[in-house]
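The values are calculated or read from the model by the stated rules, or taken from the named source; none is laboratory data. All figures in this text were calculated on a predicted structure; none of them were measured in a lab. Glycine gets a Cβ as well: all are built from the backbone with ideal geometry, and neighbour counts include every protein chain shown.
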Amino acid sequence: MTVLIMGSCTQNPQIKVAYPDAKKVDCKDVYFGKEVADPYRWLEDDRSDETAAWVNAENEVTSGYLSQIPYRNAIKASLTEIWNYPRQGLPRKVGDKYFVWKNDGLQNQSVLYISDGLDGEPREFINPNTLSAEGTTAVGSLSPSNDNKYVGYTVSVGGSDWKEIRVKDMDGNDLPDVIKWVKFSGISWAGDGFYYSGYDEPKGSALSQKNEYNTVYYHKLGARQAQDKLVYQDTKNPLRYNTAYATKDGRFLLLVVSGGTSGNSLAVKKLKQPGGDFRTLVAGFDWDYTPIGNFDNELYVLTNDGAPHYKLVKIDLAAKDLAWETVIPESEDVLQSVSMKGGKLVAEYLHNAHSELYIFDKYGKIETKLALPEIGTVSGISGDKDENEMFYGFTSFTTLNDIYRVDISNPQPELYKSISLKVKTGKYVTEQVFYESKDGTKVPMFIVYKEGTRKNGKNPALLYAYGGFNISLTPGFSASRMLFLEQGGIYAVANLRGGGEYGEEWHKAGTKLQKQNVFDDFIAAAEYLIKEKYTSPEKLAIRGGSNGGLLVGACMTQRPELFKVALPAVGVMDMLRFHKFTVGWGWVSDYGSSDNEDEFNYLLGYSPLHNIKPGVCYPATLVTTADHDDRVVPAHSFKFTATMQEAQACDNPILIRVETMAGHGAGKPISKAIEEEADVWSFVFYNLGMKYRY
């Protein structure tokens with residue numbers, strides 16, 4: 001099939017595209033008496049030669065299209081220059097040492113350094129860039145042992161969610177301990193080893209096979225993995241996450257069990273009685289119960305049980321009746337997180353989708369509010385329960401991650417490290433507006449643009465959102481976005497229902513049989529931007545990843561005339577089969593399941609794959625995914641693209657870009673990130689009719 005691709009303005013020449021042929025098979029499923037065709041089912045096989053050939057052909061078409069955009073190389077060069085700035089993470093004290101992640105600018109992966117004291121000379125401790133030629137091996141979570149002699153860390157290859165746990169001593173020497181087939185697990189030290197959660201080695205495809213029987217083990221240093229002690233496994237319920245946390249003082253082992261992405265049970269047992277049974281603190285999965293630590297026998301738990309905006313409670317584990325006592329009650333703002341620092345409680349709140357930071361004593365009395373420089377986000381907090389020193393990061397849409405140091409005994413924030421771009425950028429305006437969704441609900445949205453921008457309906461704009469899994473979108477910096485803003489683009493972030501910006505009620509209002517609220521909120525955000533003359537349908541692009549990819553897919557099929565460009569990344573596009581791959585079953589708590597008749601009918605009504613209609617003009621679309629994405633398997637994007645290319649009824653291109661040796665997004669090397677962003681922004685600029693100013 002050959003079509004002519006035209007930009008939205010006459011300054012962009014036509015580009016010819018010939019889509020690869022994709023065979024269709026006679027594959028049908030029957031749900032509750034209703035037949036549903038799935039002609040591209042064969043693309044679900046990530047190990048077949050046919051799938052590989054289709055992917056290669058699609059990548060060639062996409063590369064050929066993008067290579068004809070005259071300013072693509074200039075955009076890549078600009079992104080490389082913008083991205084090339086030195087940055088670092090929060091210092092973390094371990095005994096008398098400090099750890100910090102640093103990147104000199106364009107290193108594929110940041111490097112972990114260790115120093116003697118905060119101002120000591122840093123020396124390299126872990127350099128992930130030495131683990132692979134192209135920087136595709138990433139180091140994840142870092143967990144020091146309680147005696148500060150060892151550091152556990154995770155390693156992943158090619159962006160996969162599969163991790164290996166490895167251990168170093170404080171001199172940087174690797175121990176022989178290597179734990180494989182770990183996914184979504186922490187490293188919780190106790191005694192001379194640690195607890196972790198893992199799976200059996202997959203018998204089929206490691207990147208698409210359904211993951212079952214998440215099991216808690218205890219690994220003793222020096223032992224082989226086969227000798228690890230089984231601590232907890234639920235053989236009757238294979239589709240659950242089971243996680244164990246040992247309190248740092250060695251008193252208790254906590255067991256957190258969940259059946260999805262929200263709601264969990266909580267149990268405890270004394271570590272000094274290893275043969276004892278777990279004592280249930282909370283049963284069922286109706287609410288969230290997040291243990292944050294203990295002071296002696298009192299366990300502190302962040303929960304939304306009876307408090308949609310969350311509250312902090314404590315439980316006396318030495319008492320027979322396990323009475324709960326509220327420490328920090330629910331307020332109008334969402335209690336996002338609580339951590340123990342210097343014998344105090346540091347609480348981060350969300351106020352209209354931006355951060356506020358408070359220090360309480362351990363009894364729940366407010367001691368101080370830490371002043372933040374502007375509307376933005378606390379990007380992280382480091383410090384120890386028994387140390388007075390704390391660090392936190394702060395970011396906004398146009399502010400990089402500044403690092404502040406706080407003495408808990410005299411909490412006056414001091415700027416420890418300010419990071420700035422090497423290139424000069426203009427001044428920007430950040431607005432927060434509240435618009436009305438279809439049912440009258442007020443929804444907040446951030447809008448960022450360059451000073452002096454006129455609201456005349458002619459500005460290119462990009463609308464981004466997520467709307468799911470209780471995840472909040474707050475102001476944050478992006479180097480690649482600066483290129484769009486500098487070129488006169490308007491960037492908007494809508495805080496849709498389904499997220500966590502206003503607590504559990506806001507989250508639940510965008511789940512299961514209320515998921516359409518999320519799409520209505522997003523469509524209303526686009527309509528607001530058009531009505532208020534920030535932009536127009538011919539100048540509006542939409543972008544989202546993962547659940548946000550689903551969002552883009554659903555909205556572009558429901559209201560294709562509203563958008564010029566659509567950028568669904570690693571999206572959940574087949575809402576009838578998502579739960580059949582890897583850990584997709586964990587999303588049923590938010591989406592529902594096609595195994596339930598009412599939920600099947602609802603899912604079928606908005607599933608992006610199943611709502612593509614022949615003869616419709618869809619936006620210019622660039623689907624992005626990766627071959628090692630084992631969270632949202634790339635088959636979602638494959639089937640969506642093949643169906644969309646067949647149905648497209650106008651000259652807007654439908655392309656897919658499949659990255660190799662990359663996954664859902666975490667750990668992606670900077671070189672690959674720059675290449676992908678250069679392709680995405682080139683596609684956006686070209687199809688919005690923008691002139692790239694060199």
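Residues that are more than 19 Å from the chain's Cα centre (by Cα), within 28 Å of Leu350 (Cβ to Cβ) and modelled with pLDDT of 95 or more: does the stretch 574-588 have at least one? Checking the stretch 574-588: not a single residue is more than 19 Å from the chain's Cα centre (by Cα), within 28 Å of Leu350 (Cβ to Cβ) and modelled with pLDDT of 95 or more. Of everything in the stretch 628-650 that is of a type in the set (Asp, Glu) and within 26 Å of the chain's Cα centre (by Cα), the residue that is modelled with the lowest pLDDT is Asp629. Taking the stretch 367-410 as the range and being among the acidic types (Asp, Glu) and either under 21 Å from Ile292 (Cβ atoms) or in contact with a Pro (Cβ under 8 Å, 6 or more places away or on another chain) (or both) as the test, the residues that pass are Glu367, Asp384, Asp386, Glu387, Glu389, Asp402.
Filtered by the rule that a residue be under 28 Å from the mean Cα position of the chain (by Cα) and assigned to a loop (DSSP other than H, G, I, E, B), the stretch 204-233 gives Gly204, Ser205, Ala206, Leu207, Ser208, Gln209, Lys210, Asn211, Glu212, Tyr213, Asn214, Gln233. Cβ-Cβ distances below 7 Å connect the following pairs, each with a first residue in the stretch 667-678 that is farther than 15 Å from Pro128 by Cα, a second residue that is surrounded by fewer than 21 Cβ atoms within 10 Å (Cβ to Cβ) and among the polar types (S, T, N, Q), and a separation of six or more residues or different chains: Ile674/Thr80; Glu677/Ser480.
For the stretch 356-393, a residue qualifies if it is under 20 Å from Arg92 (Cβ atoms), of a type in the set (S, T, N, Q) and in a strand (DSSP E or B), and the qualifying residues are Thr377, Ser379, Ser382.
Can you pull out every residue in the stretch 256-300 that is of a type in the set (A, V, I, L, M, F, W, C) and either in contact (Cβ under 8 Å) with a residue 60 or more places away in the chain or out of contact with any Lys or Arg (no Cβ under 8 Å at 6 or more places or on another chain) (or both)? Residues satisfying the conditions are Val256, Leu266, Leu271, Leu281, Val282, Ala283, Phe285, Trp287, Ile292, Phe295. Evaluation of Lys639 against the conditions (1) closer than 22 Å to Ala37 by Cα; (2) among the basic types (Lys, Arg); (3) not in a helix (DSSP H, G or I) shows that the sole unmet condition is (3). Scanning the stretch 242-284 for residues that are in a strand (DSSP E or B) and small (Gly, Ala, Ser) yields Ala244, Ala246, Ser258, Ser265, Ala267.
For the stretch 461-492, the set of residues classified as within 15 Å of the chain's Cα centre (by Cα) and over 13 Å from Thr398 (Cβ atoms) consists of Tyr464, Ala465, Tyr466, Gly467, Gly468, Phe469, Asn470, Ile471, Ser472, Leu473, Thr474, listed by residue number.
Checking Ser185 against (1) within 16 Å of Thr154 (Cβ to Cβ); (2) within 28 Å of the chain's Cα centre (by Cα); (3) part of a strand (DSSP E or B), only one condition comes out false. Which one? Of the numbered conditions (1) within 16 Å of Thr154 (Cβ to Cβ); (2) within 28 Å of the chain's Cα centre (by Cα); (3) part of a strand (DSSP E or B), the odd one out for Ser185 is (3). For residues in the stretch 17-40 being at negative phi and of a type in the set (A, V, I, L, M, F, W, C), which is surrounded by the fewest Cβ atoms within 10 Å (Cβ to Cβ)? The extreme case among them is Val30. Within the stretch 285-304, the set of residues being part of a strand (DSSP E or B) and over 22 Å from the mean Cα position of the chain (by Cα) comprises Gly293, Asn294, Phe295, Glu298, Leu299, Tyr300, Val301. Of the strands (runs of 3 or more DSSP E) entirely within the stretch 127-172, those holding at least 3 residues that are farther than 17 Å from Gly667 by Cβ occupy 150-157, 163-169.
So which of Leu540, Leu550, Leu529 ends up being crowded, with 24+ Cβ neighbours inside 10 Å, touching a Lys or Arg at 6+ places or on another chain (Cβ under 7 Å) and either within 16 Å of Leu473 (Cα to Cα) or at pLDDT 95 or above (or both)? After ruling out the rest, the residue left standing is Leu540.
With a requirement of 2 or more residues that are within 24 Å of Pro568 (Cβ to Cβ), the strands (runs of 3 or more DSSP E) lying completely within the stretch 398-513 that satisfy it span 442-450, 461-464, 490-494.
For the stretch 650-694, taking the residues that are β-branched (Val, Ile, Thr) and assigned to a strand (DSSP E or B), the one that is nearest to Asn12 (Cα to Cα) is identified as Ile654.
From the list Gly544, Gly549, the one residue that fits, being touching a strand residue (DSSP E or B) at 6+ places or on another chain (Cβ under 7 Å) and not in a helix (DSSP H, G or I), is Gly544. When we screen Ser607, Ser593 for residues that are within 24 Å of Gly33 (Cβ to Cβ), surrounded by 20 or more Cβ atoms within 10 Å (Cβ to Cβ) and not hydrophobic (A, V, I, L, M, F, W, C), the only hit is Ser607.
Of the residues Val443, Val433, the single one that is surrounded by 21 or more Cβ atoms within 10 Å (Cβ to Cβ) and in contact (Cβ under 8 Å) with a residue 60 or more places away in the chain is Val443. Scanning the stretch 325-355 for residues that are touching a residue at least 60 places away in the same chain (Cβ under 8 Å), under 15 Å from Trp506 (Cβ atoms) and in a loop (DSSP other than H, G, I, E, B) yields a total of 2.
What are the residues in the stretch 315-341 that are over 30 Å from Arg497 (Cβ atoms), at pLDDT 95 or above, surrounded by fewer than 22 Cβ atoms within 10 Å (Cβ to Cβ) and not hydrophobic (A, V, I, L, M, F, W, C), if any? Of everything in the stretch 315-341, those that are over 30 Å from Arg497 (Cβ atoms), at pLDDT 95 or above, surrounded by fewer than 22 Cβ atoms within 10 Å (Cβ to Cβ) and not hydrophobic (A, V, I, L, M, F, W, C) turn out to be Asp316, Glu325. Checked against the criterion of being surrounded by fewer than 24 Cβ atoms within 10 Å (Cβ to Cβ), at pLDDT 95 or above and in a helix (DSSP H, G or I), the stretch 611-626 has at least one qualifying residue.
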